[in-house]
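The values are calculated or read from the model by the stated rules, or taken from the named source; none is laboratory data. Worth saying up front: this structure is predicted, and the values here are computed from it rather than measured. Cβ coordinates were reconstructed from backbone atoms using ideal geometry, including for glycine residues, and neighbour counts include every protein chain displayed. Remember, those area values only see protein heavy atoms, side chains included, never the ligands or the DNA or RNA. Shrake-Rupley method; radii C 1.70, N 1.55, O 1.52, S 1.80 Å.
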Amino acid sequence: AGFAGREWIATPDHDAPVEAPMAYAWNPTVQGAKSEDTALVTDEEIETLTATDRWPTTTVSAVDRDVELERPDVLELED
């Protein structure tokens with residue numbers, strides 16, 4: 001995770017292993033939104049390094065893994 005281009009790009013057909021310990025920048029894009037975080041992956045856990053208590057989160061489950069993470073949720077402004 002740094003300023004250079006990504007060396008490990010998460011795609012459905014990417015077959016390179018996740019190395020531990022290693023920091024990974026995670027910035028998925030969906031139509032009209034973007035979520036960016038950096039996580040430290042170790043043998044024991046995935047620690048989100050850029051988490052803040054100032055944004056709503058939701059718990060998500062990994063696909064094909066027994067892992068749950070808190071991820072940023074949609075911010076809804078009150079009228």
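Below is a table of values for the structure above.
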quantity: For the chain, accessible area per residue (1.4 Å probe, heavy atoms of protein chains only), Å²; calculated: 90
quantity: The chain: chymotrypsin sites (Phe, Trp or Tyr not before Pro) falling in loop per DSSP and having at most 12 other Cβ within 10 Å; calculated: Phe3
quantity: For the chain, size of Cβ-based charge dipole, Lys and Arg +1, Asp and Glu -1, in debye; calculated: 340
quantity: Cα coordinate range in the chain, projected on the principal axes (Å, largest first); calculated: 46, 27, 24
quantity: Top positive-direction residue, dipole computed over the chain with Cβ charges, set Ile46, Ala10, Thr58; calculated: Ala10
quantity: Within the accessible area of the chain (1.4 Å probe), percent carbon and sulfur; calculated: 51
